[in-house]
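**Student:** Quick one: the structure is below, questions incoming.
Values in this text are rule-based calculations from the coordinates and carry no lab data. Note that the structure is a prediction, hence the values are computed from the model and not measured. All Cβ positions, glycine included, derive from the backbone under ideal geometry; neighbour counts span all protein chains shown.
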Amino acid sequence: MVGRENGARAIRRVRPRTCIGCGTESPKRGLIRVVRKPDGGFAIDPTGRAPGRGAYLCVNIECVKEARRRKALSRCLKVEVPPSFYDEIEAFIETMSERKA
């Protein structure tokens with residue numbers, strides 16, 4: 001946060017995150033975070049605060065397919081990601097869209 005001399009409230013900067021599928025920048029709230037845990041496992045992080053190395057994807061199945069094609073998660077998380085994990089992400093997106101509908 002950035003402080004101010006006159007005692008006013010600090011302004012919080014919103015840093016955009018980049019989708020590894022399509023490359024568009026969006027606020028953190030509009031993306032899904034995938035995290036490599038310290039123990040080496042993978043997880044979808046709906047809170048965006050889990051410890052570990054993270055990568056962001058749009059809430060769009062086309063972005064997941066593009067990330068799978070380019071092996072973007074493996075590159076960003078610096079470890080080999082199994083193809084079954086991409087299926088888990090797609091299922092998570094489908095359940096999110098069902099909740100909104």
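**Student:** Excluding residues fewer than 8 places away in the same chain, name every one of the lysines whose C-alpha is closer than 23 Å to that of Lys100.
**Tutor:** Once the sequence-local lysines are set aside, what remains near Lys100 is Lys28, Lys65.
**Student:** By counting other Cβ atoms within 10 Å of each Cβ, how are Ile89, Ile61, Ile11 ranked from fewest to most?
**Tutor:** Exposure proxy ranking, most exposed first: Ile11, Ile61, Ile89.
**Student:** Using the Cα centre of region 17-100 as origin and beta-carbon charges of +1 (Lys, Arg) and -1 (Asp, Glu), tell me which of Gly21, Ile89, Pro51 is placed farthest towards the positive end of the dipole.
**Tutor:** About the Cα centre, the residue reaching furthest to the positive side is Pro51.
**Student:** Relative to the longest principal axis of the chain, what angle (0 to 90°, nearest 10) does the C-alpha long axis of helix 61-70 take?
**Tutor:** Once rounded, one gets 70 degrees.
**Student:** If you don't mind, there's one more thing I want to ask. Check the straight Cα-Cα distances from Lys37 and name the aspartates and glutamates below 15 Å, setting aside those fewer than 8 residues away within the same chain.
**Tutor:** Leaving aside aspartates and glutamates fewer than 8 places away in the same chain, those within reach of Lys37 are Asp45, Glu80.
**Student:** Turning to a different aspect of this structure: To check my understanding: the extent here is largest minus smallest coordinate of the Cα atoms along each principal axis. What are those three numbers for region 17-100, in Å, largest first?
**Tutor:** Principal extents (Cα only, largest first): 33, 27, 24 Å.
**Student:** Further question: Return a whole-number percent for the relative contact order of the chain, with Cα pairs under 8 Å and 6 or more residues apart as the contact set. Don't jump to the answer; show the numbers that get you there.
**Tutor:** Working: 134 pairs, mean separation 21.2, N = 101.
After rounding, I find 21 percent.
**Student:** Still on this structure, I have one more. Using amide H atoms built 1.01 Å from N in the peptide plane, name the residues 5+ places from Asp45, or on other chains, whose amide H lies under 5 Å from its own.
**Tutor:** Arg33, Val34, Val35
**Student:** Tell me which GluC sites (Glu not before Pro) from region 36-101 have a DSSP coil assignment and no more than 10 other beta carbons within 10 Å of their own. Walk me through the numbers before you get to the answer.
**Tutor:** On the way: sites: Glu62, Glu66, Glu80, Glu88, Glu90, Glu94, Glu98; in loops: Glu80.
Here the GluC sites (Glu not before Pro) that fit, given the DSSP loop and packing criteria, are Glu80.
**Student:** Follow-up. In the chain, what percentage of the DSSP-assigned beta bridges are antiparallel, given to the nearest 5?
**Tutor:** Percentage antiparallel, nearest 5: 95.
**Student:** Rounded to the nearest 20 debye, what is the charge dipole size of the chain about its Cα centre when +1 sits on each Lys and Arg Cβ and -1 on each Asp and Glu Cβ?
**Tutor:** It comes to approximately 560 debye.
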